[in-house]
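Chemist: Sharing a structure here in structure tokens format.
Since every read-out is calculated from the coordinates, none of them should be taken as a lab result. These numbers were taken from a predicted model, which means no experiment stands behind them. Cβ atoms come from the backbone with ideal geometry, glycine included; neighbour counts cover every protein chain shown.
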Amino acid sequence: MTSAPLIDPFMRAIDYLRVSVTDRCDFRCTYCMSEDMTFLPKRDLLTLEELDRMCSTFIRLGVKKLRITGGEPLVRRDIMTFFNAMGRHLESGALNELTLTTNGSQLHRFAKDLYAAGVRRVNISLDTIDTDKFAQITRWGRLANVLRGIDAAQEAGLRVKINAVALKNFNEDEMVPITQWCKSRDMDLTWIEVMPMGDMGEEDRLDQYWPLSDLRARLAETYTLTELSERTGGPARYVRLEETGQKIGFITPLTHNFCESCNRVRLTCTGQLYMCLGQEDMADLRAPLRMNDEGQGALETAIRTAIALKPKGHDFDYSRQRPDGQMSRHMSHTGG
Ligand code: SAM
Ligand code: SF4
């Protein structure tokens, strides 16, 4: 069977798959979910065995980097079975990196096992280092648990990156303290601009929107910023803070167009493949996966057909004071 690499119509090689393994979460971050979120029936989710076959097929087609996300990936029952299964692709050299994005709440339980499975880096989402504000923004989260998870991750040898969503009137005053805290703990830091995902109401969304151009300008009042040319094929741009040597990332899907170098696709926990975070187009891969034919031929054909439809870019736009291109699905569905 052919295993030519996945190349989309704009000649972008697709070698990065982000996989949401559950839509469930033990937090209810205000910008991500409503408090009374309805989750998918469990029978709609891909089983761990199906996730293994799906990811293994993508890896056979040239995916080199796998990021596990959700929902909260570490609340999925028996998730270590899946991480351990993916570890075999690291050992064979087919996969270069296995990583995850987590809220950190369960990390103290899993850090060692994740390292043993071959994970070396984790992204931990954390928008404030103030206990009360943390409880407010995550609704159900407790900062102490996450800090315990960060300790465990570092003790296990995992490199930690903090992802913070920039939120107007919420963490503006913590920009420098969070930067200093990351420096003191030797963690990288990336700021994310809030995106119009989910039906949370237009006014709320605009109220929360703190453009990273503004954050960056304010950071430059405290630090000397040097633009780095480093690119990851994704939406992040980096600067170095000359005073501390820290590398700070900015993910600005709304104010900066990053689509031209996009190397990634996203798989939902129900087996839908989204070719672009900002477009509704998706392909169902669950049906061909479940055909379970010899060699997964139907699945491979469905993946290639989907990649051939990857759009050039997305259309998020706040500029008309209305979140144009707003997506009705939640980030926890597609996987952030
Ligand atoms: N539960 C895990 C976590 O929080 O890291 C993984 C899934 S979460 C959906 C992935 C990332 O998406 C998190 O960093 C979160 O802050 C971010 N996110 C969620 N909703 C967002 C939104 N509306 N705009 C920007 N980022 C968002
Ligand atoms: Fe859960 Fe992550 Fe969404 Fe927060 S951002 S509610 S932790 S999925």
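Chemist: Of Phe39, Phe10, Phe83, how do they rank once you tally other Cβ atoms within 10 Å and put the fewest first?
Modeler: On the way: Phe39 16, Phe10 12, Phe83 23.
In increasing order of surrounding Cβ atoms, one gets Phe10, Phe39, Phe83.
Chemist: Within the chain, how many Lys pairs that are eight or more residues apart, or on different chains, come under 19 Å at the alpha-carbon?
Modeler: The number of close lysine pairs in the chain is 8.
Chemist: Give the cysteines in the chain for which no other Cys Cβ lies under 4.7 Å away, or write none if there are none.
Modeler: Unpaired cysteines in the chain: Cys25, Cys55, Cys182, Cys259, Cys262, Cys269, Cys276.
Chemist: Could you derive backbone 3J(HN,Hα) for segment 78-91 from the dihedral phi with the Karplus parameters 6.51, -1.76 and 1.60 (θ = phi - 60°), listing whole Hz in sequence and x where the residue is Gly or Pro?
Modeler: 6, 4, 5, 4, 5, 4, 4, 5, 5, x, 5, 6, 5, 4
Chemist: In whole angstrom, note down how far apart the Cα centers of segment 24-68 and segment 265-303 are.
Modeler: 13 Å
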